[in-house]
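The structure under discussion appears below in the form of structure tokens.
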Amino acid sequence: MAQTDEPNKIPVGVSSCLLGEHVRYDGGHRHDTYIAKTLGRYFKFTSFCPEVNIGLGIPREPIKLVNEDRKKRCVGTINTDQDHTEPLIQCADQQAHWHKDICGYIFKKGSPSCGIEKVEVFRGDQVTYDGTGIYAARLMEKFPHLPIADEARLGNTHQSSNFIQRVFIYHRWQTLLANELCWETLTTFHKQHEQILISHNEQLTGQLSLLLKQSGESDLKLFQEVYIDKMTAILKIIPPRENNTDTLAAKN
Ligand code: SF4
């Protein structure tokens, strides 16, 4: 794990190979200038390679996802009896101590460890593209509200803008929780972000505003989970272009 020391930037996780680290199976990398240079102006990256972390070494035998007996596993491409599934799951669990502090994660697309969607899965002679990398899947399961993207999504202007916006808002949410949440601060947070939420979906935002208004007497701890669930679902909706609200600003 490598981390840059930039206290004013937002902490974001990233697949090491995307920052140019020579960690791929063949000793290469997949440096992405947009991620490293452009997003690097706003984000403090923690880079991590799960395959190196579980001791597969560099260079190493490539690994792949297989689907046998309706069970997805991650095995060696040559030594198919070497099963890396459980070590990759445990790897994600062991990194939770820094996963809980980040406000987004950028993964390498297509990887059997890091891919977030459409990863190759082998079933006998057949190949489907419906897999998720084992490490990424576990992390997404444990942190369902964490904004995630891969370099393919970031190549699309709308998706990139949506990811950046969600990272900034999630950072404000994490800051709110760290400063002892109360009904008043939650209501202020909602008001500050209401226009942004409306730009994603007016109807769902209206329902959330009403829910917040009516929930003043309920358990705040329980309600904060409902709120972040619903807010995340709204923010995931890519807004029509004409509704695009300033990505980095909240209404004060
Ligand atoms: S995709 Fe993930 S596992 Fe593969 S080299 Fe990059 S960081 Fe390592």
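The values are calculated or read from the model by the stated rules, or taken from the named source; none is laboratory data. These numbers were taken from a predicted model, which means no experiment stands behind them. All Cβ positions, even for glycine, are placed from backbone atoms using ideal geometry, and neighbour counts span all protein chains on display.
Anything in segment 22-73 that is among the small types (Gly, Ala, Ser), within 19 Å of VAL167 (Cα to Cα) and within 16 Å of the ligand (Cβ to nearest atom)? List them, or say none. Break it down stepwise before answering.
Initial filter on segment 22-73 (among the small types (Gly, Ala, Ser)): 27-28, 36, 40, 47, 55, 57.
Okay, now just the ones that are also within 19 Å of VAL167 (Cα to Cα), so 36, 40, 47.
ALA36, SER47, listed by residue number.
Of the residues in segment 175-193, at least one is surrounded by 15 or more Cβ atoms within 10 Å (Cβ to Cβ), modelled with pLDDT under 95 and not in a strand (DSSP E or B). Could you tell me whether any residue of segment 156-174 is closer than 18 Å to ALA96 by Cα, surrounded by fewer than 21 Cβ atoms within 10 Å (Cβ to Cβ) and not basic (Lys, Arg)? Yes, segment 156-174 contains at least one residue that is closer than 18 Å to ALA96 by Cα, surrounded by fewer than 21 Cβ atoms within 10 Å (Cβ to Cβ) and not basic (Lys, Arg). Aromatic (Phe, Trp, Tyr), assigned to a strand (DSSP E or B) and on the phi < 0 side of the Ramachandran plot - does that describe any residue in segment 28-36? Within segment 28-36 (the criterion being aromatic (Phe, Trp, Tyr), assigned to a strand (DSSP E or B) and on the phi < 0 side of the Ramachandran plot), the answer is no, since none of the residues qualifies. Selection over segment 52-90 of residues that are under 19 Å from ILE148 (Cβ atoms) and touching a Phe, Trp or Tyr at 6+ places or on another chain (Cβ under 6 Å) gives a count of 1.
Name every residue in segment 9-27 that is of a type in the set (Gly, Ala, Ser) and part of a loop (DSSP other than H, G, I, E, B), in order of residue number. Before you say what the answer is, go through the steps one by one.
Initial filter on segment 9-27 (of a type in the set (Gly, Ala, Ser)): 13, 15-16, 20, 27.
Once the filter is applied, which keeps residues that are of a type in the set (Gly, Ala, Ser) and part of a loop (DSSP other than H, G, I, E, B), segment 9-27 yields GLY20, GLY27.
Reported count of residues in segment 37-56, each being farther than 25 Å from GLN90 by Cα and assigned to a helix (DSSP H, G or I), is 5. Number of residues in segment 76-95 that are within 15 Å of the ligand (Cβ to nearest atom) and of a type outside the set (S, T, N, Q) equals 7. Would you pick out the residues in segment 1-21 that are surrounded by 14 or more Cβ atoms within 10 Å (Cβ to Cβ) and within 12 Å of the ligand (Cβ to nearest atom)? Once the filter is applied, which keeps residues that are surrounded by 14 or more Cβ atoms within 10 Å (Cβ to Cβ) and within 12 Å of the ligand (Cβ to nearest atom), segment 1-21 yields GLY13, VAL14, SER15, SER16, CYS17, LEU18, LEU19, GLY20, GLU21. The condition of being outside the structural domain of THR232 (by TED's automatic domain parsing) and modelled with pLDDT of 95 or more holds for GLY131.
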